[in-house]
Amino acid sequence: IGDHAHMALQYSTTVRNAELDALETAVGTSPILKIRSGSAPANCATADSGTVLATMTLPSDWLAAASSGSKAKSGTWQDSSADATGTAAHFRIYDSTGTTCHLQGTVTATGGGGDLTLDNTSIASGQSITINTFSITAANA
């Protein structure tokens, strides 16, 4: 009588790409990204927390077509004037009205392993913030 190890589900690259492209479709065009202080809420259904440090309306087509099970940002992601001063710690991406959270994750400095990285997590009110790289990789490779 042994303990049977179960293998994780594995999806083809085609399926993983389709999942990622469906994610962009579900969120919709021109979503709102907010960078916030403090820990992220338990999940997207949980109320917002922390202070909004930066708000940016993402391009209509905000993610490139999925390739090799990954999907990278498309176009310019920028807030020309940050909303408040503080330390960036999490982000949320909402629909275009800014009301429904569809995606959230951690923010760290470059190299810190966050879901979204900034060259400097210390944000000053009024400064310009540009997200140079962002990608989502589908699980179950």
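If you go through the stretch 84-92 one residue at a time, do you hit one that is more than 22 Å from S128 (Cβ to Cβ), touching a strand residue (DSSP E or B) at 6+ places or on another chain (Cβ under 6 Å) and not in a strand (DSSP E or B)?
No, the stretch 84-92 contains no residue that is more than 22 Å from S128 (Cβ to Cβ), touching a strand residue (DSSP E or B) at 6+ places or on another chain (Cβ under 6 Å) and not in a strand (DSSP E or B).
What is the residue count in the stretch 96-141 for residues that are assigned to a strand (DSSP E or B), closer than 22 Å to T29 by Cβ and open to solvent by 70 Å² or more (accessible area, probe 1.4 Å)?
Number of matching residues: 1.
With respect to the numbered conditions (1) open to solvent by 20 Å² or more (accessible area, probe 1.4 Å); (2) touching a Pro at 6+ places or on another chain (Cβ under 8 Å); (3) within 30 Å of V15 (Cβ to Cβ), which one is the sole condition not fulfilled by S49?
Among (1) open to solvent by 20 Å² or more (accessible area, probe 1.4 Å); (2) touching a Pro at 6+ places or on another chain (Cβ under 8 Å); (3) within 30 Å of V15 (Cβ to Cβ), S49 violates only (3).
Looking only at residues in the stretch 18-32 that are over 17 Å from Q104 (Cβ atoms) and outside any loop (DSSP other than H, G, I, E, B), which one is most open to solvent (accessible area, probe 1.4 Å)?
T25
Based on this model, can you work out whether L63 counts as buried (at least 17 other Cβ atoms within 10 Å of the Cβ), in contact (Cβ under 8 Å) with a residue 24 or more places away in the chain and within 13 Å of the chain's Cα centre (by Cα)? Explain how you work it out, then say what you get.
On the way: buried (at least 17 other Cβ atoms within 10 Å of the Cβ): yes; in contact (Cβ under 8 Å) with a residue 24 or more places away in the chain: yes; within 13 Å of the chain's Cα centre (by Cα): yes.
Spelling it out, L63 is indeed buried (at least 17 other Cβ atoms within 10 Å of the Cβ), in contact (Cβ under 8 Å) with a residue 24 or more places away in the chain and within 13 Å of the chain's Cα centre (by Cα).
Which of (1) open to solvent by 70 Å² or more (accessible area, probe 1.4 Å); (2) modelled with pLDDT of 95 or more; (3) of a type outside the set (A, V, I, L, M); (4) over 14 Å from the mean Cα position of the chain (by Cα) is the odd one out, the single condition D3 does not satisfy?
Of everything listed in (1) open to solvent by 70 Å² or more (accessible area, probe 1.4 Å); (2) modelled with pLDDT of 95 or more; (3) of a type outside the set (A, V, I, L, M); (4) over 14 Å from the mean Cα position of the chain (by Cα), D3 misses just condition (2).
Inspect the stretch 76-91 for any residue being open to solvent by 70 Å² or more (accessible area, probe 1.4 Å), among the hydroxyl-bearing types (S, T, Y) and closer than 24 Å to Y11 by Cβ and give the result as yes or no.
No, every residue in the stretch 76-91 fails to be open to solvent by 70 Å² or more (accessible area, probe 1.4 Å), among the hydroxyl-bearing types (S, T, Y) and closer than 24 Å to Y11 by Cβ.
Of S68, S30, S37, S80, which residue is in contact with a helix residue (DSSP H, G or I) (Cβ under 7 Å, 6 or more places away or on another chain) and among the hydroxyl-bearing types (S, T, Y)?
It is S68.
The values are calculated or read from the model by the stated rules, or taken from the named source; none is laboratory data. Just so it is clear, the structure is predicted and the values come from calculations on it, not from any experiment. Neighbour counts run over all protein chains shown; Cβ positions are idealised from the backbone, glycine included. Heads up: the accessible areas ignore ligands, DNA and RNA and are worked out on the full protein's heavy atoms, side chains in. Shrake-Rupley method; radii C 1.70, N 1.55, O 1.52, S 1.80 Å.
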